[in-house]
Every structure is written in C-alpha cells, then in structure tokens.
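The values are calculated or read from the model by the stated rules, or taken from the named source; none is laboratory data. All values derive from a computational prediction rather than experimental measurement. Ideal geometry is used to build each Cβ from the backbone, glycine not excepted, and the neighbour counts take in all protein chains shown.
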C-alpha cells in the first residue's frame, strides 16, 4: 500500500474531494494502483493530506459508486477488479453543418418555401406570452397521448367547417409532423400490407415507407388522379392519395373518382385510403373542395392534415383522423406512445385558431399567393406556345411542360446559367424504370411579384 | 332541362354563388338532377335568378372542380357521371377524454411525476419572448434535420462537462422524445436484430420495440446491472441499458461491469449498446457518474438523453449521440426525416442552458429532491426491520421490499385503503413467465415534505 501523496490546490477550480477522487481514479486507470491493492484508510489519508475526514470519505464514496474501488467490511478499501479501462475521448472542432450549402441563385422558384414575412409575429408572441403564465404550469406536465383534448376539439371544428370532415375529437391524433404520424400509422395497420402510390408523387412518404420496410407499388395516374382500375389490379390494400391537390402534379380529384376510390376501399376488408391533405388551404378559384374523408361512409379513410404549410414549416405539428375501428386498435396497441408535440405549442396553436388569427392569416396568405400566382401566370402567357401549363388552380407551384420535348435537365441547366432555379419533375419519380421528363416545377410562395417578373424574364431568355 | 328556381337569400350567411352552388349540388346528390342532364346555360340562369353572370359562373366552376358537373365545348354543362354520392357525416357531442380518470388518493407516491412548482416560469417566459422577435422569423422556416446546429453544440458542451461524453455536435440528433428516437434508431440498425433488456426494466422501450416488430430477450440482472455472461449467451446483438440509474431498480452500474459490457460489444461486428441516460441529473451522493458512452472507444454505444425529467415532461425533447459509422448510415439512409422538434423550442432550451438557468434549475431541483429523499428515508427508518430499502442513491424514487414476503398486491391494496398510492414493481416486468413480487415503488418528486411524512405515517398503519 502506497501512502498517496496528492498535491492539492486550494485556488478554486476543483474541490478538495474532487481532486482526491480524480487523482486516485487516474492512478487506477494508468495502472499505478493495481487491482486488489489496498488503499490507505480514510483516517490515515486525511491525516496525511491534512484535510477533513469527510473530504476523503466523499472521494472514496464516489470511487465506490463508480466501481473503481470496493470495500470489504473490517478490512478497508481495495482497487476493484477492473479488466480494462476506457478513456473519455477528447474531441474538438466546430460542428460541420449537416446539410450541404446550396448554390446561390438570383431567383429561386422553390416549391418548398412559404412566405414568412407575412407571418403575424406580434399575435403569435402575444398568444405565447399569455399561455406561459404561472396558472398554466400544468402545461409542463405530461399531456394527453393523442394531443390536448381542447386542441383536438378546435381541430375538429376547423375540419368540419373548412374541409367538410366530421372528425370526432377522440379520433384525432396530434403528432410532430406527417412523417411521425406515418410511422405510428404503420404500426397500427397490421397484416399483409402493400401500399399504392401515384408516380410522380410526394417522395418523402415513399422514402419513409421504404425505410420502414414496407412494400410500395406505383399505380397509373390519369388526369383525374389515381386510376382505380390500375389500383385494383395492383393488389395493393392501402392507397396513398392527395385528392385536394396531388403533389407535385396539382391534380384535383373530381367527385366521381373519389367515389370510385371509396368503393374500392369498401369492397374488401383491410383496405384503406390515406388522404394527405397537405395544402388544401391554398386554392384560388371557388372555395376549397371538401376532403375525400368527408365522403367516407365506410370508415376507410385515414385523414392527415398539417400546419406546416398554413402556419410554418418549423412548427412541427400534424394530425390524423382515424376511423372508429382503428381507434380501438390504437388504444389497445399503441396508445402508450406519448404525444410528440409540446403541450404549450399545442395550446398556442389552439388559441391562434380560436382567436380568429388563423383564419385571418390564411385569408391574407391566400390573397398574397393568389397575387403571385396571377402575376406568374400572366408572365408565363407568352410561354404557352411552347409550354403546357398545369397544376395552376391551387397550391403554391405550377408545372411547365415543354411541347417540343426539351429535356427537363436542359431546362433546369439553362435556367441555372441565367441564375434562376427551377425544379425537375423527375425528383418526384418513385418508379423503378427511368422515364423521360420534359417538365419543370415553378414555386412562387417565397418570391415577391417583382422577383417573379424578373425571374420569368430570365427564363424567357434562358429557354428561347 | 329544368329551369332551376333557387330561392336566394340576401340576408347574410351564404354568398349568392355559394347558395347556387349548394342548391345544385343537393339536386345532384338527391337525384333531382340526373347524370347526363343538361344544366341551364350561365346566361339563362343569371337572367332567371336576377344575379350577375359571374355569380353563376363561380358556382358552376366550383361544381366543375369538385366533379359534380362536366362541360362540353360548345354544348354547355352536364351533370357528371357520379356513381354514388356519399354524405358528409354529422357528428356531435363532446370529446371523451382519451385516458380514463385515475381514482383519487390522498398521497400519491408516483415515480412518474416531477415537481413543477419550482419551475422557473419567469425565466422561461422571458427567454421565449426574446426568441420570438421579428429578427428571428427565420426560425419559422424549415430547420436542420438533426436539430439546430447551435443547439447541438450546446448539448455537446453539456454532455462533455456533466456526463463525460465527448459527443461531436454533428453526431447528435434531436427528436421529439426517446420513443421517436428509438423508432429512428430501429430504422438505422439493419440486418438481424435481437434486443436484450433487463427485467424489470423501462417498459415503454419494450413496448415500442415490440410494436415495431422487433424481437426482445430478457437477460439476467444482478446487483451490478445487466449480467454480461447472460447477455453473451442470449445471442442478442443490441443491449439496452440504463447504467447511471437502472429503471426501476435504481442500480448504478460499476465501472467493472461497464467495461465488461463494452468488451462484449467490441468483440463482434454489429453489436451495439443503447445507453438510456434518462435521469442522471439527480444524484444525491458525490457527483454524477460519467456515462458509459464516455468510456466507449470502439464506438459501440448509442447514447440517449432527455429533457423530460430535468426540464419538464411536456417539453418533448430528447437527443441521441450516434457513433461515426452510424452517422454515415444516417446520412445515407434516413437523413431525409425532418426534425420533429420545433426550432423555436430548440432555441428556447438552448438559451435556457446557456444563460445558466438550466444549471441553476438543476441544482435547485437536486437540493429539493434531496430534501424529500432524506425526509422519506428518515421516515422509512422504522420500516427497515420488515423492509429492505434499495435504489435510494439517485433518481426520484426508491424501492421497498418486504422481508416477510408479503405480496406486492397486498402492499398496494392495503396502502390504497389508507388513501396512499404506491406502485407495484411487477408493472415493470417484461418476462413471459409470471414472477412473484414483494416490492413496491415510492416516488417522491411530486410530494412536499409534509405530505411525505403523513403519507408514510399512513403506510405504517396500512402495513403494520
């Protein structure tokens, strides 16, 4: 047994007990104190180091609890039988950004962005402030797994009034984004599963299903949306559709097709339709079309809505409406999952909706996007000879298809050379075979009217 | 063709176009207008109804876009070929709460609750307010999939200083709770998977793995935690452990066992350790024990931390640290998932940490919980003859095991009759075979000192 001589520093930084603890730990780690070796008694060490006995005791206790040393009754402390010791890695350096920086464009017709300049920050801040009062501290405790009951009631009212969907609040599940809800849903639907998707489609869903190990087939998509004959032939039992505004093609599914789709689901047990109603708020002619779910008598439709487009992408908040039978399954099998959205955030959005701010915001955005939409369509008028324009009735993007079969790649590249970013349709292709594309996508939500004018002027030059 | 006579109301409510649209839609739905039937021309209808032509046009356009009618060039409008029409269901009534109400107890020794009275609401509100300024509107746009870079840097510093974990910010992934992170992680680990868990254990993880379709074996748990020999025999390749404070038993895994566990993982490719470090902040003797991950040279440990216990359960915010090799997989395979936590909330927590509020809060809570812990242990002193007390060095609960083999059920029931809620250990059992339990759990985070005294007094009476 060595008498441990530890140079103790009084000048701040580490406490005495911690210095002793660290010293002994290091001695054990580097092998100066060998396994089984007896340590000095606390009494002798405190005398030796001229510190209080409790200081030594604390150090020993820490070493004991971490397993470096062991104590034997009436015998004292010994170095524990530690086979091999691992060091704490020391890593330095700045974090690298996890996403690569995009090249700069003068005008970016991104279909992903939304306009944030018009966001009612003052109202949002005020509402948040009012939610964060002491009386609401209950909001920091665990909430309802499905989402706050009052929030679900508000969503229910909203869905009924604006989407024609009569969703019972108890059938609504709030989650942190569509992606998470799809993960939940996939656990809820058991048995043989084959998903049907259109092509091109919302690729994120395809990737998630793939990553979850599910099988996906693509079925024919005609001018009215998913072709139900092709769907029936595919053998799929779950159809993923965006009837209000197919992404990216912008197809609005007419009532006839909706009814066909519902019939398909009704005629065999275990068939479901997932209705992704991601941007139904933005429609420029007439009022929004009721959701497919609103027509569903057979309880085959799972409705998914989101606040990503209508409020902000960073507000990770979506919801789904499950049929009764599936709700039973939910409670039995996956009701144990906690809600993934902060209660406070839920109440902020609820109050935002109930105060009328949401409606006002939606109307404002609709008017703003409609202006941009009209300006873009006006500017594109001269393009019509050489391009077919589609998907322009709703949403925040439209499509330009070359009538001369100029390849999408060439269109994107030529635009890029003029400093304008347009988006290739092929990015939404989920098929196994490569197809030729002659279509590009132009989003306009995040561009001012002047930018749209100048951007299209450059496109005219690029593609002439 | 009928001449449509629609009784139009001018007295608010619906606009004229909407009244026309709704009337025709109803006529189609109830069959008064049959499929293929020609509608009046817009010119004749507007004259008939004495409204402007654009009003009729808008109504027709809405019907067109919803697929109720079709237009034929030079011929006019016809009722579309809609096979069968579904009605919007009308549902009324209040939402039922989705979780059943618990019976009332005078004293509830819940191991789940945390003390919220001590939460620094003023600071939190101030920080939130400062984040929600106009300059920060960028925070409402889509953020980094892994979580905000600056937030991850803050977490990295925190982990290094308080947990001995040298995590590179680029290896950290922020998510809405441990449950979600487990779902992600499960997609990341491919190939044959067999998870090993202790028993009893944190049941939520078991349920999630089950629900994801994964196989889980239970392995022996001795006084030092997961038994590595038993683990090796089980054939499992992924070990789920809580080395800092096993839940629910409260075992602190000594260094020797940690090293053994790391060796197990190192000696075969594809082996991983998931370290759930859920409540390492609350430890009452010595300083917190460094995380297992801090000893990991072989990059086999996936570290999961959370703010649920240390800040508040409703703040759905956890993070995991992945080994380098797994990060590569993450980027290649599942980097497309958006972050599930709102950017604003991330920055609020980041500022909470950086301002020193978090540390202050942790120290305050530690002192508070320690007081309650000490009071409870003091009150339980008289129980020691008949009960073994374990798991009392850390966390916010402890265990009482009957030395007389009184069944857990009897203990819980007798306590209930006195109005005191204690928790059965068997609720954490994930084994296939039923085991006898004589242990109950007493949590103390959410009880004042006076409540603890009175609650234990009642327990003394209940169990005498």
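For (1) buried (at least 21 other Cβ atoms within 10 Å of the Cβ); (2) more than 14 Å from chain B (Cβ to nearest Cβ), each residue gets a yes or a no:
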{"site": "A:302", "(1), (2)": "yes, yes"}
{"site": "A:340", "(1), (2)": "yes, no"}
{"site": "A:352", "(1), (2)": "yes, no"}
{"site": "A:365", "(1), (2)": "yes, no"}
{"site": "A:368", "(1), (2)": "no, yes"}
{"site": "A:387", "(1), (2)": "yes, yes"}
{"site": "A:403", "(1), (2)": "no, yes"}
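Test residue B:232 against the criterion of being within 23 Å of residue B:295 (Cα to Cα) and touching a strand residue (DSSP E or B) at 6+ places or on another chain (Cβ under 6 Å), and give yes or no.
no
Looking only at region A:231-245, filter to residues that are surrounded by 24 or more Cβ atoms within 10 Å (Cβ to Cβ) and part of a loop (DSSP other than H, G, I, E, B); which one of those is nearest to the chain's Cα centre (by Cα)?
A:242
Do you know which residues across region A:144-170 are more than 9 Å from chain B (Cβ to nearest Cβ), at pLDDT 85 or above and out of contact with any helix residue (DSSP H, G or I) (no Cβ under 8 Å at 6 or more places or on another chain)?
Result: A:157, A:159.
Name the residue, out of B:368, B:376, B:399, B:362, that is assigned to a strand (DSSP E or B), in contact (Cβ under 8 Å) with a residue 24 or more places away in the chain and on the phi < 0 side of the Ramachandran plot.
Result: B:399 is the single residue among B:368, B:376, B:399, B:362 that is assigned to a strand (DSSP E or B), in contact (Cβ under 8 Å) with a residue 24 or more places away in the chain and on the phi < 0 side of the Ramachandran plot.
Return the residues of region B:274-286 that are touching a helix residue (DSSP H, G or I) at 6+ places or on another chain (Cβ under 8 Å) and in contact (Cβ under 8 Å) with a residue 12 or more places away in the chain; say none if nothing qualifies.
Matches in region B:274-286: B:274, B:275, B:276, B:277, B:278, B:280, B:281, B:282, B:283, B:284, B:285.
Of the conditions (1) farther than 28 Å from residue B:250 by Cβ; (2) crowded, with 19+ Cβ neighbours inside 10 Å; (3) within 14 Å of another protein chain (Cβ to nearest Cβ), residue B:336 clears all except one; give me its number.
For residue B:336, the exception is condition (2).
Tell me which of these residue B:310 doesn't satisfy, since it passes every other one: (1) away from every other protein chain (no Cβ under 11 Å); (2) touching a residue at least 60 places away in the same chain (Cβ under 8 Å); (3) within 17 Å of the chain's Cα centre (by Cα).
(2)
Those residues that are without any contact (Cβ under 8 Å) to a residue 40 or more places away in the chain and part of a loop (DSSP other than H, G, I, E, B), I need them from region A:246-260; list them, please.
Correct list: A:253, A:254.
For the list (1) within 26 Å of residue B:128 (Cα to Cα); (2) at the interface with another protein chain (Cβ under 10 Å from one of its Cβ atoms), I need the number of the one condition that residue A:357 fails.
Here residue A:357 clears every test but (2).
Any chance you could count how many residues in region B:14-52 are more than 55 Å from the chain's Cα centre (by Cα) and free of Cβ contacts under 8 Å to residues at least 40 places away in the same chain?
Qualifying residue count, region B:14-52: 8.
Results for (1) modelled with pLDDT of 90 or more; (2) buried (at least 21 other Cβ atoms within 10 Å of the Cβ); (3) outside any strand (DSSP E or B); (4) in contact with a helix residue (DSSP H, G or I) (Cβ under 6 Å, 6 or more places away or on another chain), shown as yes or no for each residue.
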{"position": "B:288", "(1), (2), (3), (4)": "no, no, yes, no"}
{"position": "B:294", "(1), (2), (3), (4)": "no, yes, yes, no"}
{"position": "B:312", "(1), (2), (3), (4)": "no, yes, yes, yes"}
{"position": "B:325", "(1), (2), (3), (4)": "yes, no, yes, no"}
{"position": "B:332", "(1), (2), (3), (4)": "yes, no, yes, no"}
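Limited to region B:244-273, what total is found for residues that are more than 10 Å from chain A (Cβ to nearest Cβ) and touching a helix residue (DSSP H, G or I) at 6+ places or on another chain (Cβ under 7 Å)?
6
Exactly one of these conditions fails for residue A:201: (1) assigned to a loop (DSSP other than H, G, I, E, B); (2) surrounded by fewer than 23 Cβ atoms within 10 Å (Cβ to Cβ); (3) within 21 Å of the chain's Cα centre (by Cα). Give me its number.
Here residue A:201 meets the rest and fails (2).
Only one residue in A:457, A:433, A:404, A:410 is farther than 19 Å from residue A:115 by Cβ and either assigned to a strand (DSSP E or B) or within 30 Å of the chain's Cα centre (by Cα) (or both), so which one is that?
Going through A:457, A:433, A:404, A:410 in turn, the sole match is A:433.
Mind checking which helices (runs of 4 or more DSSP H) fall wholly inside region B:13-65 and carry at least 2 residues that are within 14 Å of chain A (Cβ to nearest Cβ) and within 20 Å of residue B:81 (Cβ to Cβ)?
Filter on region B:13-65 gives B:16-29, B:53-65.
Residues being modelled with pLDDT of 95 or more and in contact with a strand residue (DSSP E or B) (Cβ under 8 Å, 6 or more places away or on another chain): count how many of those fall in region A:183-192.
Qualifying residue count, region A:183-192: 2.
Filter region B:445-454 for residues that are more than 15 Å from residue B:381 (Cα to Cα) and assigned to a helix (DSSP H, G or I); which is farthest from the chain's Cα centre (by Cα)?
So the residue we want is B:450.
With in a loop (DSSP other than H, G, I, E, B) and over 21 Å from the mean Cα position of the chain (by Cα) as the only criterion, which of B:191, B:143, B:113 stands out?
Testing whether each residue is in a loop (DSSP other than H, G, I, E, B) and over 21 Å from the mean Cα position of the chain (by Cα) leaves just B:191.
Please specify each residue of region A:120-143 satisfying the condition of being surrounded by fewer than 19 Cβ atoms within 10 Å (Cβ to Cβ) and within 7 Å of chain B (Cβ to nearest Cβ).
Hits for region A:120-143 are A:121, A:125, A:129, A:134, A:137, A:141, A:142.
Answer with yes or no whether residue A:173 is within 10 Å of another protein chain (Cβ to nearest Cβ) and either free of Cβ contacts under 8 Å to residues at least 40 places away in the same chain or within 29 Å of residue A:346 (Cβ to Cβ) (or both).
yes
Looking at region B:73-110 only, could you name the residues that are at pLDDT 85 or above, touching a helix residue (DSSP H, G or I) at 6+ places or on another chain (Cβ under 6 Å) and either in a loop (DSSP other than H, G, I, E, B) or within 13 Å of chain A (Cβ to nearest Cβ) (or both)?
If the condition is that a residue be at pLDDT 85 or above, touching a helix residue (DSSP H, G or I) at 6+ places or on another chain (Cβ under 6 Å) and either in a loop (DSSP other than H, G, I, E, B) or within 13 Å of chain A (Cβ to nearest Cβ) (or both), then B:79 is the only one that fits.
Give region B:146-157 a look and list any residue that's touching a residue at least 24 places away in the same chain (Cβ under 8 Å) and surrounded by fewer than 18 Cβ atoms within 10 Å (Cβ to Cβ), or say none.
If the condition is that a residue be touching a residue at least 24 places away in the same chain (Cβ under 8 Å) and surrounded by fewer than 18 Cβ atoms within 10 Å (Cβ to Cβ), then B:150 is the only one that fits.
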